[in-house]
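Let me begin by presenting the structure, written as structure tokens, before commenting on it.
Laboratory data are not the source of any read-out in this text; all were calculated from the coordinates shown. In this text, all values refer to a predicted model and were calculated from it rather than measured experimentally. Positions of Cβ are backbone-derived with ideal geometry, glycine not excepted, and every protein chain shown enters the neighbour counts.
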Amino acid sequence: MKRLILCFSIFAITCSLLPACSARVQVGAEQTADYLPLLKDKRVALFSNHTGIVGDKHTLDILVGNSVNVTAIFSPEHGFRGTAGAGDHVASSVDEKTGVPIFSLYDKGSYAPSAESMQQFDILVVDIQDVGLRFYTYYISMVRLMAACADCSKPVIILDRPNPNGFYVDGPVLDMKFKSGVGWLPIPVVHGMTLGELALMVNGEHWLPDGKQCELTVIPCRNYTHLTRYRLPVPPSPNLRNMLAVYLYPSMCYFEATPVSLGRGTDLPFLCYGHPDYKISNSLNFKHSTLNYFSFTPRSMTSAPKPPCQDRLCYGVDLSHMSEEEAMNLGLDLTFLIDAYTNLMATHDTINSPRLADRESEANKELSTSFNSQLSTLNPFFSPFFEKLIGVDYVRPMIEAGKSAEEIRACWQQDVESFKIQRRPYLLYKE
């Protein structure tokens, strides 16, 4: 009996030491008792898309099922159903199931809510799954809505969701001269915050126009910390199809500003890169044992109507066999970009694939003309879109000078440490 009691005591102590995050994460939308009373007798607008779900039920259905008067829906890039391609214009419409009007924040020439749409509601509810990167546009739409609500004195409620890249901070803080539709706030590329935490920081740091603040309530997740490895229940956008792509995204997105294909128009978007002129014999000596050299041909498809290198046989690197753990440990790694740059610049006269010009929509053309002109005289590998993605002007010349990924990363480490201190008052979850 004493041995049994001793074993039970050891088991109990062990269980008490386990992190709280071992329990199932409950997203903010599940905490109906915390937010439904705030919506009583209000006209409610919902900013969401296909990721706003609890189990197999959409948050819109939860609200309507609880007799909430939902009078408007705001949809982000990729549309309310999450099927439109990157940067595609999505027209406003009506939700077929509920009849609620959908106001697109990615309609042509309109990336902020219209005055008409702001008159349709009393309170805004935000429920959308972000991936925690500065160039991922969902948070930008949220901040624009916050600004509009601050102007109109309308409260905002954020039903928080975990950040799948919330376990680290990496990358340079955005130099605001490169502010654009793919970089809106002075934060690192990988900021490590949930949308709820980021919204609190926007308010607290007075980042809305004229230093305004919106009336903000965040319904936090339960059983979540920044060390929680949270698996997304559905793909957040058409070309981030699995967790490996989500983890590699911080390192891969910069190919959008080059002639190199990153797999759009294939089964491996963000899981490979290549170009017709890539020479496998000239590739860097990778440390990763799970990388394979292969060939692929991008084709036009719904999620990538005009992919770079369309219908051209490309040679390159397949990252799809990398383990998720290895991808998570990479952080923001410019090694792949440097490899492609070094490889293709050896034969730069033949680099003639069109860059991803369609991603440079009207919302992103805020870079000065003089800076664009200056960059156009440089080598043909990078377009001016690169500075919008990386957020600073020192990375491009370092790559051109032959610096390593480790040398470049060292330049933004102070940015990272300073930002961690700056964001601390706004964190809702343990680091």
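A straight Cα-to-Cα reach below 16 Å connects Lys420 with the aspartates and glutamates Asp170, Glu197, Glu205, Glu431, residues fewer than 8 places away in its own chain not being considered. Considering only Cα atoms, the convex hull volume of segment 191-267 works out to 153 Å³ per residue.
In segment 280-351, what GluC sites (Glu not before Pro) fall in a loop by DSSP, with at most 14 other Cβ atoms inside 10 Å? Mind dumping the intermediate values first?
On the way: sites: Glu324, Glu325, Glu326; in loops: none.
Passing both the DSSP loop test and the Cβ count: no residue.
Amide H to amide H, with H built 1.01 Å from N, Ser75 comes under 5 Å of Phe103, Ser104, Leu105, counting only residues 5 or more places away or on other chains.
Distant-in-sequence amide contacts of Val126, defined by a placed amide H-H separation under 5 Å and a gap of 5 or more residues or a different chain, comprise Phe47, Ile157, Ile158, Leu159.
Need the full-extension length gain, Ala23 to Asp107, defined as separation in residues times 0.36 nm minus the C-alpha distance. One decimal, nm.
Working: separation 84, 0.36 × 84 = 30.24 nm, distance 4.03 nm.
Using 0.36 nm per residue and subtracting the Cα-Cα distance, I get 26.2 nm.
Determine the alpha carbon to alpha carbon distance for each of Lys306/Lys403; Lys154/Lys388; Lys177/Lys403; Lys287/Lys430 and list only those over 28 Å. Numbers along the way, then the final one.
Details: Lys306/Lys403 33 Å; Lys154/Lys388 31 Å; Lys177/Lys403 24 Å; Lys287/Lys430 33 Å.
From the list (Lys306/Lys403; Lys154/Lys388; Lys177/Lys403; Lys287/Lys430), the Cα-Cα distance tops 28 Å for Lys306/Lys403; Lys154/Lys388; Lys287/Lys430.
Summary of the geometry: segment 234-263 and segment 36-65, compared by the centres of their Cα atoms, lie 29 Å apart.
Each of the peptides 164-171, 200-207, 300-307 was scored by the mean count of other Cβ atoms within 10 Å over its residues; in descending order, highest first, they stand as 164-171, 200-207, 300-307. For Lys179, the aspartates and glutamates whose Cα comes closer than 14 Å to its Cα, not counting residues fewer than 8 places off in the same chain, are Glu360, Glu362, Glu366, Glu387, Asp393. For Leu319, the amide hydrogen comes within under 5 Å of the amide hydrogens of Cys272, Tyr273, counting only partners 5 or more places away or on other chains and with H modelled in the peptide plane.
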